[in-house]
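**Student:** Pasting a structure below so you can have a look.
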Protein chains: 2
Amino acid sequence: MAEREPVRRPGGRSARVRAAVHQAVTELIGERGYGEFTVGDVAARAGVADTSVYRRWGTLEALLTDVALTRLKAQSPMPDTGTLAGDLHTYAAQVAREIAGPDGLAVLRLVVALSNRGERGLQARDDFLAERARLIQGMLDRAGDRGEHPPDALGVLDHIMAPMYIRVLFGAGPLTPDYIAGLVDRLLARP
Amino acid sequence: MAEREPVRRPGGRSARVRAAVHQAVTELIGERGYGEFTVGDVAARAGVADTSVYRRWGTLEALLTDVALTRLKAQSPMPDTGTLAGDLHTYAAQVAREIAGPDGLAVLRLVVALSNRGERGLQARDDFLAERARLIQGMLDRAGDRGEHPPDALGVLDHIMAPMYIRVLFGAGPLTPDYIAGLVDRLLARP
């Protein structure tokens, strides 16, 4: 079918295939969970040939990571409120909303699952985390430029993200607004 | 074969089967990772019938949880140093040693994977976490009995375990002795 597409419309069919494949992955994650479907399942659901998926993404891991990164970027524009405290409070609440839903939990599980799938999985995981770290670092750098004294990105991971991630991954306690705000206040009290 | 065993030796063959099956699970986790083998694989490796595994454990999830709990109990006698600070520093270093190795990472991944396997998986995960919470609570209660002011068990999870777990699960930074001690000092400074 691809041969019939006009050469001068880059992105037309390509964008439709990408959207259909992403939608198929999201549905399959919701219905079956990570690790419970193949490239063939995705292609069938999206109504495209297996070869179209392999040609564009190469591996299932690469496809899953592309979906996860796309969702991450769509859901998390980094806040820019003018103060470090404002940014961190807004960001923490945003992350909590994301991971409290089934999609967010799926992304977390993907990151954990990727690290168990050989070199390509590790690379996909590291690309994913590097992207998130880059976004956080940008927010912290803006605070530094304003003369504030931001913690480092690993501090944000350790004391804001990690407790929320583990509570969600382990089902170990609710992410209430007070709890989330407390994590940020605690980090800011000891930068 | 079971029919030939003398009735009056409870635990003899039973204990050997359990040890062989546990050993097979540990080997398969190391070689393939969680979710990459079946009860049939375990039974073949252990040299027992599939039915022996199903009869004793019921499901693969229940077997994996039994292995994880057994390893957890074997590796983590809770410290009892006489002070809260001593106990937490010892415990944090102990957990770091456990999860930094491939076996410990496997246990963490099991906990995450279990929550994606329906009601039975969730039950197994919750049993596992309840056991760990019970051990931590006992340590904190001893501190309270001595007149110290321990944090609650969720605080230990949030600010000592979670950062270490996430660093290991995400491959996001080393667990140095200074880092681990810093987590404990931070928690004790704001109980």
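**Student:** For an R0 of 56 angstrom, estimate the FRET efficiency from the Cβ-Cβ distance between B:Ala49 and B:Ala181 and round to the nearest 0.05.
**Tutor:** It comes to 0.70.
**Student:** Defining the label point at 7 Å along Cα→Cβ, can you sort the distances from B:Glu148 to the same site in each other copy, shortest first, in nm?
**Tutor:** 3.6
**Student:** Using a Gaussian network for chain A with springs between C-alpha atoms less than 10 Å apart, which of these wobbles most: A:Gly171, A:Gly30, A:Gly47?
**Tutor:** Of the options given, A:Gly171 has the highest mean-square fluctuation.
**Student:** Can you list, shortest first in nanometers, how far A:Ala189 lies from the same residue in the other copies, with each label 7 Å from Cα toward Cβ?
**Tutor:** Its label point is 1.0 nm from the equivalent points in the other copies.
**Student:** Pick from A:Ala124, A:Ala44, A:Ala153 the residue whose mean-square fluctuation is largest in a GNM of chain A, springs joining Cα atoms under 10 Å.
**Tutor:** A:Ala44
**Student:** Take the solvent-accessible surface of the protein heavy atoms, probe 1.4 Å, and return the percent of it on the protein assembly as shown that carbon and sulfur atoms account for.
**Tutor:** Carbon and sulfur: 54 percent of the exposed surface of the protein assembly as shown.
**Student:** Another question, then. From the phi of every residue in segment B:178-189, what ³J(HN,Hα) in whole Hz does the Karplus formula 6.51 cos²θ - 1.76 cosθ + 1.60 yield, where θ is phi - 60° and glycine or proline is x?
**Tutor:** In residue order, the calculated couplings are 5, 4, 5, 4, x, 4, 5, 4, 4, 5, 5, 5 Hz.
**Student:** Something else: Given a cut-off of 31 Å, what percent of all Cα-Cα pairs of chain A lie beyond it?
**Tutor:** I get 28 percent for the Cα pairs in chain A exceeding 31 Å.
**Student:** Give the longest segment of chain A that steers clear of GluC sites (Glu not before Pro) in DSSP loops with at most 15 neighbouring Cβ atoms within 10 Å, not counting the sites themselves.
**Tutor:** For GluC sites (Glu not before Pro) (loop position, at most 15 other Cβ atoms within 10 Å), the longest site-free span of chain A is A:37-147.
**Student:** With a 1.4 Å probe and all protein chains in place, put A:Leu63, A:Leu105 in order of accessible area, largest first.
**Tutor:** Accessible-area ranking of A:Leu63, A:Leu105, largest first: A:Leu105, A:Leu63.
**Student:** Determine the calculated [θ] at 222 nm for chain A from helices alone, applying -39500 (n - 2.57) to every DSSP H run no shorter than 4 residues and normalising by the residue count; nearest 500 deg cm²/dmol.
**Tutor:** Helices in chain A give a 222 nm mean residue ellipticity of -23000 deg cm²/dmol.
**Student:** Treat each spin label as a single point 7 Å out from the Cα along the C-beta direction, and report the B:Thr70 to B:Glu31 distance in nm.
**Tutor:** 1.8
**Student:** Starting from the Cα of A:Asp41, move 7 Å in the Cα-to-Cβ direction to define the label point; list residues of segment B:19-60 whose amide nitrogen is under 15 Å from there.
**Tutor:** Label zone hits: B:35-36.
**Student:** OK, next. Suppose the Debye formula is applied to equal point scatterers at every Cα of the protein assembly as shown; what is log10 I(q)/I(0) at q = 0.06, 0.07, 0.12, 0.15 Å⁻¹?
**Tutor:** -0.28, -0.38, -1.02, -1.39
The values are calculated or read from the model by the stated rules, or taken from the named source; none is laboratory data. Remember, predicted model here, so these are calculated numbers, not experimental data. Counting neighbours? That spans all protein chains shown, and the Cβs are built from the backbone with ideal geometry, glycine included. Accessible surface is based on the protein model in full, side chains and every heavy atom, while ligands, DNA and RNA are left aside. Shrake-Rupley method; radii C 1.70, N 1.55, O 1.52, S 1.80 Å.
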